[in-house]
1. With under 32 Å from the mean Cα position of the chain (by Cα) and surrounded by 14 or more Cβ atoms within 10 Å (Cβ to Cβ) as the only criterion, which of Ala336, Ala239 stands out?
2. Based on what the data block shows, is Ala384 small (Gly, Ala, Ser), under 30 Å from Asp566 (Cβ atoms), in contact (Cβ under 8 Å) with a residue 12 or more places away in the chain and surrounded by fewer than 15 Cβ atoms within 10 Å (Cβ to Cβ)?
3. Could you check region 411-438 and list, in sequence order, the residues that are over 14 Å from Ala535 (Cα atoms), in a loop (DSSP other than H, G, I, E, B) and among the small types (Gly, Ala, Ser)?
4. Just to check your reading of the model, which residue among Lys260, Lys273 is closer than 24 Å to Val94 by Cα, exposed (fewer than 13 other Cβ atoms within 10 Å of the Cβ) and in contact (Cβ under 8 Å) with a residue 24 or more places away in the chain?
5. Do we find a residue being in a strand (DSSP E or B) and either more than 30 Å from Gly570 (Cβ to Cβ) or in contact with a strand residue (DSSP E or B) (Cβ under 6 Å, 6 or more places away or on another chain) (or both) anywhere in region 368-382?
6. Report, ordered by the first and then the second residue, all pairs with beta carbons closer than 8 Å, sequence separation of six or more or different chains, a first member in region 511-526 that is within 28 Å of Ala419 (Cα to Cα) and crowded, with 18+ Cβ neighbours inside 10 Å, and a second member that is modelled with pLDDT under 95 and aromatic (Phe, Trp, Tyr).
7. Which residue out of Thr211, Thr181, Thr263 is of a type in the set (Val, Ile, Thr) and under 29 Å from Ser139 (Cβ atoms)?
8. Any idea which of (1) at pLDDT 95 or above; (2) under 51 Å from the mean Cα position of the chain (by Cα); (3) not aromatic (Phe, Trp, Tyr) is the one Asn191 doesn't satisfy?
Amino acid sequence: MSTITSTGLGSGLDVSGIVTKLVAAERLAVDTRNTKKEADDNAKITAFGNFKNALSDFKSSLSALSKTSSFQKISSDSSDSTVITASALSVADVASYQMEVKNMAQSHALASAAYADPTAVVGTGSLTINFGTTTYDASTKVYGGFTQNPAKSSLSLTIDSSNNTLTGIRDAINNAKAGVTASVLNDGTGNRLVFKSTDSGVKNSLQIKVTETGAPGLSDLAFDGSNPKMMQTRAAEDALVNINGLDVSSSSNTVSGALKGVTFSLLQAQISKTVTVNVTRNNADLNTAISGFVEKYNALITTVNSVSNYDPATKTAGVLLGESVVQNGMSQIRSALTNVVDGTSSSLRTLSDVGISLQKDGTLKFDSAKFSTAQSSDIDGVAALFSVLGRSTDSNVQYIASTKDTKAGAYAVTLTQAATQATLQGGTISFPLTVDATDNSLAIKVNGVQSGNIALTQQTYATGADLASEIQSRVNTDGTLKANNLTVSVSYDTGNNRLMVSSKTYGSTSQVEITQGSATLGLGAAVGTAGVDVAGTIDGIAGVGNGQYLTSASGGSKGLKLLIADTTLGGRGTVGFSRGIIDRLSGILDNLLSSTGSIGSRTAGLQKDLSNIAESRTALNARMTQYQARLLSQFNAMDALIGSMQATSTYLTQQIAINNKSTN
């Protein structure tokens, strides 16, 4: 049978209210402590978040300054961009050039005789189109000779019943995509097949050799020494431009080899017109990057001051005041900004040397005038101050790369063995030399990659240079070798009357082997002499050679990779390597911003505190529930006892009153 308990009925006390207040008093101290701790932790987590965001923003400003290319930007402009324009790379010399475009380069063009219909049958056989220098008098139509361009591959086409018309030959040539285009043009007298060299310049003119297999007709497309039947409609010409008084020729209207790092685009020839081209250093982007670097750092200082400084005027402290994570982190950053950069040979070794100084309030000040002066006098020194950079005293020893293990310093380089290419020497041959169908093919293996069957043009070669050019052209157009980016160089040794075949690559992986020979060419099946890797020391320790690259494997220079571009043995000067301020800062910031870094660890600790507070509140609630139940039990027992005593008192009072009445 259930009972109803109503506290306070016996005593008249507000037992429920008393218990509630006693429980509240019991939990007040713990609740107050937890609430304060929770507020402090949340404030610190927010402040650390602000600090971390400011660090991240500062780190983003380092990117542009970490690359040496940012310090080497060059701009160019032309006084008449309708005649000539220019573009410049970072290696270009700052200078002004007076230029005159005397002649524009143009491609060689040939046209056939007129045919009544574009579908007219021309003939069958084979067309071989070679590229080189043609001697031809258009006025007398006398063909003087042809010298093949060894850098250009020949095009051989079979002309049969499937493609023996004007349009068929046109399509066969265009589908080959091999340096010549064709079109059928009706000039009013009939349809002509027109050939045009894709590349301009005298070394890219066309020679067309024909072998007929059917009725005469295909030979009408020949343009060579024995049968120049095609009509030359435009001679191949080189561009001619005068630069500061010197004439420079180019096969293309894009002139890129005349000046280091500068490419000129010729747009029209104008005799006696002088165009000024200025190549200047582009400092605008670099100045913007430096200004951004300074601004982001100063914004970081503002954030740090707001979260960790004490304001004596308001007597308030930042929530991170005294936090070692902030103090140690900022101390490392300040050291990185103010310490001397090692490994640079320049007199520019600190930020203050280039106009970036630390102020009393902890911010940076940027003196753009001083920075511009430093750029003008020693831009490489400025680059070495900021970015990872290697500088060699020998122009043929080039810094290529480094690793995180490479320490700043100056490292002596000594070459004990120069890298070589694989070479194969042929047997003795004499000229003129006739190559026919019985001995015009060979196969070669380059760096372990086997070519297909290579067929040479069947003809009489007047000189060794002509034959070497033909072999080089044919080998370098082999599909398998091209797919593996492998090429060879073929030359003729006039002293020993033999061909020389060399791989274009350097080092121990460089191999040349004739796997299918030709006795006529003096190139029987044979294995050439393999190339060797460069060998030498860096900082007195033997490096690892790979082709022309020499890499340090140990010591302070570990990971330093150099390109040795020539064969001079012995001491090769020194390579100064500096890590730069940006690399130093990046390492510090990466550690601070890492999830396992000091900020991440401290924030994780604060999050753990919040979890502990939540657990503490849960435990407190359970304990207070038990405490309240115990108090209610005790007060109810007391209330029942008081009620019993009050009942007894009432009874006794009644009995006494009855007894007194009876006595009276």
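The values are calculated or read from the model by the stated rules, or taken from the named source; none is laboratory data. None of these values were measured; they are calculated from a predicted model. Positions of Cβ are backbone-derived with ideal geometry, glycine not excepted, and every protein chain shown enters the neighbour counts.
1. The match here is Ala336.
2. It is false that Ala384 is small (Gly, Ala, Ser), under 30 Å from Asp566 (Cβ atoms), in contact (Cβ under 8 Å) with a residue 12 or more places away in the chain and surrounded by fewer than 15 Cβ atoms within 10 Å (Cβ to Cβ).
3. Matches in region 411-438: Ser430, Ala437.
4. The match here is Lys260.
5. no
6. none
7. None of the other options fit; the residue is Thr181.
8. Looking at each condition in turn, Asn191 falls short on (2).
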